[in-house]
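These notes are about the structure you will find just below.
Any read-out appearing in this document is the output of simple, stated calculations on the displayed coordinates, not a laboratory observation. Predicted, not measured: the structure shown is a model, and the values here were computed from it. Counting neighbours? That spans all protein chains shown, and the Cβs are built from the backbone with ideal geometry, glycine included.
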Amino acid sequence: MDDIKTAAASHHNDAARHLENAARMHRDAAKQCESGNFEKAQHLATEAAETDTAANQHAMQALDLYRHHAAQVATRQHDAAAEEAARAAKKVAKA
C-alpha cells in the first residue's frame, strides 16, 4: 500500500511540475506572439504541448496504480467471502 501511495504521489507531483512548466511556456509564447516573434512563439507552444503530454502520461500512470489497487482489494474481498461461505457450509454440514 505504501508503495502505491508513494508512486502515485510521485506521478501526481511530476504531472503538476510538467503542467506548471507548460503554463510558463504558454505565457512565454503569448509574450513572444505579442512581440511579433512568431517562430519563437510556435516553438514554445510546441514544447508546451509536449510537456502537457508528459503530464498526462504521469496522471494516467497514477490512475493505473489506483485501478491495480482496486483490483487487488476486490480480489481479497472475493477470496474472503469465498472462505466465509466455505466455513458456513462446513458448519452446516457438521450440524
Which pairs do you get when a residue that is among the charged types (D, E, K, R), found in segment 20-32, comes within reach of a residue that is in a helix (DSSP H, G or I), reach meaning Cβ atoms under 7 angstrom, with the pair 6+ apart or on two chains? ASP28/LEU44
Only residues that are under 27 Å from ASP14 (Cβ atoms), of a type in the set (Gly, Ala, Ser) and exposed (fewer than 13 other Cβ atoms within 10 Å of the Cβ): list them for segment 50-82, please. ALA70, ALA71
Residues that are polar (S, T, N, Q) and in contact with a helix residue (DSSP H, G or I) (Cβ under 9 Å, 6 or more places away or on another chain), drawn from segment 1-22: SER10, ASN13, ASN21
Checking the structure you have, find out if any residue of segment 29-48 is acidic (Asp, Glu), within 16 Å of the chain's Cα centre (by Cα), surrounded by 10 or more Cβ atoms within 10 Å (Cβ to Cβ) and assigned to a helix (DSSP H, G or I). no
